[in-house]
Amino acid sequence: MTRKKIVAGNWKMNTTITDGTALAQAVTDGVTPIKTTVIMCTPATHLHTVSEIVKEKSNIHTGAQNCYPAEKGAYTGELSVSMIEAVGAEYIVIGHSERRTYFDESGDFLAKKVDITLAGGLTPIYCCGEALDIREAGTHVKYVGNQLKAELFHLSAEDFGKVIVAYEPIWAIGTGVTASPAQAQEMHAELRQLIANQYGEEVANGTSILYGGSVKPANATELFSCPDVDGGLVGGASLKAELFVPIIEAMEAL
Ligand code: 13P
């Protein structure tokens, strides 16, 4: 089974609707991806507008950056999967290290978000990754593997097959330090093996595993060339069309 090549942008808490609309339009005008699925994960306030813009291009989509694991109700300030779906978004980022760290999101809570996203027919972009001290201790493969086991491996093979995994080493996020292609490849291959052990080769070979952490035009080609790196989850460089478009083009050129 061939897996999807994906370049996703995580805008985080950046842009107002005015600059966000201009950015989404510039990306949509700037590239017509043929074999790459492009996803712009915008602030929730922009999803409806940006979803309308990206309709122009069949391979460009939108995603939310979070959801709450209940269908509806008294959860002031939160967004449900059906609200996100109704404004045209098809993906939801779950388990980003910023949410784990700043909002104390636990593995159990993230597993519930994955479940409700799948139940609502949307695609989770599930993030995992280790902090620097764990990498330095040499236990990173075990640590990230345990995140997957605890937060995803309760899924059926059919549901797991719908999840996009994003490996984002925390020490590489927003720091300008990128994992080397060898470091990314090592982790991605280990994760794919773990998925194969749990769900079989077919599911493992069909799972897109993205790398995130200081992806930029200058390093996109070497990272995306790794056999088990199926694309990127891009933060800072997704905020400028002149950086994000070349990253998409790097994937298209492979
Ligand atoms: P940077 O690309 O800014 O390092 O961010 C990566 C990230 O956290 C994407 O979710």
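The values are calculated or read from the model by the stated rules, or taken from the named source; none is laboratory data. For clarity, every value in this text was computed on a predicted model and none was experimentally measured. Don't worry about glycine lacking a Cβ; one is built from the backbone with ideal geometry, like all the others, and counts go over all protein chains shown. We work out accessible area using only protein heavy atoms, side chains counted, and drop any ligands, DNA or RNA first. Shrake-Rupley method; radii C 1.70, N 1.55, O 1.52, S 1.80 Å.
Condition check ((1) in contact (Cβ under 8 Å) with a residue 40 or more places away in the chain; (2) surrounded by fewer than 23 Cβ atoms within 10 Å (Cβ to Cβ)) across all residues:
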residue	(1), (2)
Pro181	yes, yes
Glu190	yes, yes
Thr221	no, yes
Gly232	yes, no
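Looking at Gly236, Gly231, Gly176, which one is touching a Phe, Trp or Tyr at 6+ places or on another chain (Cβ under 8 Å), under 17 Å from Gly129 (Cβ atoms) and not basic (Lys, Arg)? Step through it out loud before you land on a result.
On the way: Gly236 fails: touching a Phe, Trp or Tyr at 6+ places or on another chain (Cβ under 8 Å); Gly176 fails: touching a Phe, Trp or Tyr at 6+ places or on another chain (Cβ under 8 Å).
Of Gly236, Gly231, Gly176, the one residue that is touching a Phe, Trp or Tyr at 6+ places or on another chain (Cβ under 8 Å), under 17 Å from Gly129 (Cβ atoms) and not basic (Lys, Arg) is Gly231.
Answer with yes or no whether Ala179 is under 17 Å from the mean Cα position of the chain (by Cα) and farther than 24 Å from Tyr91 by Cα. Step through it out loud before you land on a result.
Numbers: under 17 Å from the mean Cα position of the chain (by Cα): yes; farther than 24 Å from Tyr91 by Cα: yes.
Here the answer is yes, as Ala179 does meet what is asked.
Within the stretch 101-114, how many residues turn out to be more than 16 Å from the ligand (Cβ to nearest atom) and of a type outside the set (Phe, Trp, Tyr)? Reasoning before the result, please.
From the stretch 101-114, those more than 16 Å from the ligand (Cβ to nearest atom) are 104, 106-109, 111-112, 114; that's our starting set.
From the residues that got through so far, the ones that are of a type outside the set (Phe, Trp, Tyr) too are 104, 106-108, 111-112, 114.
Going through the stretch 101-114 one residue at a time, the tally reaches 7.
Specify which of the listed residues (Glu130, Glu168, Glu90, Glu98) is among the charged types (D, E, K, R), more than 15 Å from Pro69 (Cβ to Cβ), within 15 Å of the ligand (Cβ to nearest atom) and in contact with a strand residue (DSSP E or B) (Cβ under 8 Å, 6 or more places away or on another chain). Write out each step before concluding.
Working: Glu130 fails: in contact with a strand residue (DSSP E or B) (Cβ under 8 Å, 6 or more places away or on another chain); Glu90 fails: within 15 Å of the ligand (Cβ to nearest atom); Glu98 fails: in contact with a strand residue (DSSP E or B) (Cβ under 8 Å, 6 or more places away or on another chain).
Only one candidate passes the filter, namely Glu168.
Restrict the check to the stretch 195-211 and report whether at least one residue is more than 18 Å from Tyr143 (Cβ to Cβ) and of a type in the set (Phe, Trp, Tyr).
Looking for residues that are more than 18 Å from Tyr143 (Cβ to Cβ) and of a type in the set (Phe, Trp, Tyr), one finds at least one in the stretch 195-211, hence yes.
Here's a check for you: in the stretch 23-66, which residue that is open to solvent by 30 Å² or more (accessible area, probe 1.4 Å) and aliphatic (A, V, I, L, M) is farthest from the ligand (Cβ to nearest atom)?
Checked the stretch 23-66; the qualifying residue farthest from the ligand (Cβ to nearest atom) is Ile34.
Looking at (1) more than 23 Å from Glu136 (Cβ to Cβ); (2) of a type in the set (A, V, I, L, M, F, W, C); (3) open to solvent by 30 Å² or more (accessible area, probe 1.4 Å), which one does Val245 not meet, given that it meets all the others?
Only one criterion is unmet by Val245, namely (3).
Is there a residue being in contact with an Asp or Glu (Cβ under 8 Å, 6 or more places away or on another chain), touching a residue at least 12 places away in the same chain (Cβ under 8 Å), open to solvent by 50 Å² or more (accessible area, probe 1.4 Å) and more than 29 Å from Asn205 (Cα to Cα) anywhere in the stretch 67-74?
Yes, the conditions are met somewhere in the stretch 67-74.
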